[in-house]
Amino acid sequence: MRRQGEEPINLGTGGMTDKPIEITMVASEMFPFAKSGGLGDVVGALPAALARMGHRVCVYLPAYRAVLNEHDPGSPAQVADVFAEARYQVFSLEHGGVSIRLVAADDLFDREGFYGDARGAFPDNAERFARFARGALSHMEQEGAYPFIIHCHDWQSALVPPLLKYRCADDAKWRGVSTVFTVHNLAYQGRFHPDDFTHTRLPDEMMGVDGLEFYGDLNFMKGGILFSDAVSTVSERYAQEMQTEEQGEGLEGVVALRSSSLFGIMNGIDDAVWNPETDPHIPAPFSLARPEGKAKCKSALKAELGLDSDAEGPLCVVVSRLAHQKGIDLIIDNMDELMDLGVSLAVLGTGEEALEEGLAEAAAAHPGRVAFVSAYDEALSHRMYAGGDVLLMPSRYEPSGLNQLYAMRYGALPYVRRVGGLADSVFSSPAPDPNVDTGFHFDAFAPADFLAGMERIRRVFLDRGLWRMMMCNAMEKDSGWDGVAPRYVDLYERAMRPQPR
Ligand code: ADP
Ligand code: GLC
């Protein structure tokens, strides 16, 4: 790590610096330690890709109970909070060329669940993630480990940039540490009662309209967006959409203020974990050169889920958080029409009660044609992508989406709404072209558009030659993180330069 007084490195070498950059990430999820969605996948893979480029990467995570139980991080460092009277235990371990730091704060993370339980979000989440940010910065200071870049993700680590800007600004040791804040989903902002501001230990004037105040509430994400040196999100299209009233979730004005420092970088996938040739979770390996295993995976999945083996239409799969964002209601509300088109449907997901009920009812009404597994099951998710012909993703909005990337790698053609990262990553030409298309799009979030696309899919599916051509295009697409990580290095280099404000 860079010590006090050292100058930042030269910039602007197109992601290929000849000097390694010290990068510290602060995040609430990282696969395989803690994952509830795509954030876990991204933080699980991007640091390792940066490390493969020769950079030195460290990730701070909360010391969730499950992580401490499943890994043995040894004895922790005792850390005093540099912002207030509080203490932390910070555990250290190494994983895939990346240093991991697990921040324990009293009993705030020593419980089941990351953000909540069956009763809903934990009532002390503001305190939990304020302490997480303070604990991470306090540990860096205690260790004298000042990186060039602190890269924060989503609201759970969004207090780091304002803390750094306002509590450490006059501290020479921190000068030259730049921050990058990545928005993975603008809908989850970390919005709390204004009284929770006390947990941030920021000066009172920061709870104003130019600070973390948002319609009278405290808003963590607003702090991350306003006070970082550069802001990014997880696709180019979402970087534009975030600035619109329709998708800005009320923060569009705040995002627009940072538009000259806002970048969209489409997510990648960990192609060692998501590789149908070597995947230990699927019943038969397959690849472009040896595609036979795909059919075996499909019959095995159908057998596993109790779906009829002789159905002729495509097997459509869904692997998803069951949240309003994901548009699963469009599938549920048009189930009879989908059945009339001859498709089979397998859904793996957990979430909102109404969606779970709708899917359970559909499975009961269409035995052998619709299967619903209400679970979070990493291994089954691999078998779903491997066994499916089509992945359905009718999202209302989608910052990036990883499922469609996994599906393409596993030869399941994505059928997606043309929004955010789905529009950027699934190629579907205006006049369908099997030579280049990797999936299918629809535009309006409406039954007519959705079903018209399904009808088209059914027709293409019956033409095995066309279908195979599209499968090849999809499987050939390279979405590995090694191609994406250099773009983050460019972003870090920009953030390290003084930015006009
Ligand atoms: P989001 O982060 O909005 O949920 P993404 O498409 O970015 O959406 O990432 C979702 C990730 O979570 C993928 O790795 C997907 O396979 C996984 N996932 C979602 N639901 C489940 C589930 N029920 N079981 C296993 N994996 C799931
Ligand atoms: C969020 C978004 C998703 C994205 C993921 C990882 O959960 O909803 O689109 O892929 O973060 O960036």
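The values are calculated or read from the model by the stated rules, or taken from the named source; none is laboratory data. Since the structure is predicted, the reported quantities are computational estimates derived from the model, not experimental observations. Because the Cβ atoms are built from the backbone with ideal geometry, glycine has one as well, and the counts that use them run over all protein chains shown. Side chains included, ligands, DNA and RNA excluded: accessible areas come from the protein's heavy atoms. Shrake-Rupley method; radii C 1.70, N 1.55, O 1.52, S 1.80 Å.
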Q.
Just to be sure I understand the filter: pairs with C-beta atoms under 6 Å, separated by 6 or more residues or on different chains, first member in region 125-145 and of a type in the set (Asp, Glu), second member open to solvent by 10 Å² or more (accessible area, probe 1.4 Å). Which pairs pass?
A. Glu127/His199; Glu141/Val82
Q. Here is a list of conditions, (1) away from ligand 1 (no atom under 15 Å from the Cβ); (2) in a helix (DSSP H, G or I); (3) surrounded by fewer than 17 Cβ atoms within 10 Å (Cβ to Cβ); (4) not hydroxyl-bearing (Ser, Thr, Tyr), and Ala360 meets all of them except one; can you say which number that is?
A. (1)
Q) What tally of residues in region 18-29 results from selecting those that are closer than 20 Å to Ser138 by Cβ and either surrounded by fewer than 23 Cβ atoms within 10 Å (Cβ to Cβ) or within 16 Å of ligand 1 (Cβ to nearest atom) (or both)? A) 3
Q | In region 32-85, the residues that are under 18 Å from Glu141 (Cβ atoms) and surrounded by fewer than 17 Cβ atoms within 10 Å (Cβ to Cβ) | A | Ala77, Gln78, Ala80, Ala84, Glu85
Q: Considering every residue within region 326-334, establish whether at least one is within 16 Å of ligand 2 (Cβ to nearest atom), open to solvent by less than 20 Å² (accessible area, probe 1.4 Å) and touching a residue at least 60 places away in the same chain (Cβ under 8 Å).
A: yes
(Q) Within region 385-466, considering only strands (runs of 3 or more DSSP E) that don't extend past its boundaries, which have at least 1 residues that are within 16 Å of ligand 2 (Cβ to nearest atom), aliphatic (A, V, I, L, M) and open to solvent by less than 10 Å² (accessible area, probe 1.4 Å)? (A) 390-393, 413-417
**Q.** Selection within region 305-326 - over 15 Å from the mean Cα position of the chain (by Cα), within 16 Å of ligand 1 (Cβ to nearest atom) and outside any strand (DSSP E or B)
**A.** Leu305, His324
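For (1) of a type in the set (D, E, K, R); (2) closer than 25 Å to Leu46 by Cα; (3) open to solvent by 30 Å² or more (accessible area, probe 1.4 Å), each residue gets a yes or a no:
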{"site": "Gly96", "(1), (2), (3)": "no, yes, yes"}
{"site": "Ile100", "(1), (2), (3)": "no, yes, no"}
{"site": "Val103", "(1), (2), (3)": "no, yes, no"}
{"site": "Glu112", "(1), (2), (3)": "yes, no, yes"}
{"site": "Tyr115", "(1), (2), (3)": "no, yes, yes"}
{"site": "Asn125", "(1), (2), (3)": "no, no, no"}
{"site": "Ala130", "(1), (2), (3)": "no, yes, no"}
{"site": "Gly135", "(1), (2), (3)": "no, yes, no"}
{"site": "His139", "(1), (2), (3)": "no, yes, no"}
Q. Can you name the residue in region 145-193 that is within 16 Å of ligand 1 (Cβ to nearest atom) and in contact with an Asp or Glu (Cβ under 6 Å, 6 or more places away or on another chain) and, of all such residues, is farthest from Asp490 (Cα to Cα)?
A. Ala187
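Hey, can you tell me all the residues within region 363-384 that are assigned to a helix (DSSP H, G or I) and within 22 Å of the chain's Cα centre (by Cα)?
Selection gives Glu378, Ala379, Leu380, Ser381, His382, Arg383, Met384.
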Q) Looking at Asp270, Asp310, Asp279, which is the one that is surrounded by fewer than 20 Cβ atoms within 10 Å (Cβ to Cβ) and of a type in the set (D, E, K, R)? A) Asp310
